[in-house]
1. Name the long-range amide H neighbours of residue 3: under 5 Å, sequence gap of 5 or more, or other chain; modelled H, no Pro or chain starts.
2. GluC sites (Glu not before Pro), restricted to region 1-37: which are DSSP loop and have at most 13 other Cβ atoms within 10 Å?
3. Kindly provide the trypsin sites (Lys or Arg not before Pro) of region 1-49 that DSSP labels as loop, not H, G, I, E or B, and whose Cβ sees at most 11 other Cβ atoms within 10 Å.
4. Expressed as a rounded percentage, what relative contact order does the chain have, with Cα pairs under 8 Å and six or more residues apart?
5. So what are the ³J(HN,Hα) numbers for region 24-41, from phi and the Karplus equation (6.51, -1.76, 1.60; θ = phi - 60°), rounded to whole Hz, Gly and Pro as x?
Amino acid sequence: MAHKITDACIKCGACANTCPTGCIKEGDAKYEVDAAECIDCGSCEADCPTGAITAE
């Protein structure tokens, strides 16, 4: 199960800096998770200051 970044994302980059697989990239309106590369470790969710990341 991959994590998903909601519209509450403020594009701070904390999640991308924390991701051990590098599967989080900056999108147009928010950061995006590549579900095929996500290992569901939860490190991005723990570091998100707005709580914008959830497990799908």
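1. Those lying under 5 Å, H to H, from residue 3 are 40, 56.
2. Those satisfying the criteria are 37.
3. none
4. Averaging sequence separation for qualifying contacts and normalising by length gives 51 percent for the chain.
5. Taking θ as phi minus 60°, the curve returns 9, 10, 6, x, 5, 9, 6, 6, 10, 9, 7, 4, 5, 9, 5, 9, 6, 7 Hz for region 24-41.
Values in this text are rule-based calculations from the coordinates and carry no lab data. Only a predicted model underlies this, so the values are computations on that prediction, with no experimental measurement involved. Glycine also receives a Cβ, built like all others from the backbone with ideal geometry; neighbour counts cover every protein chain displayed.
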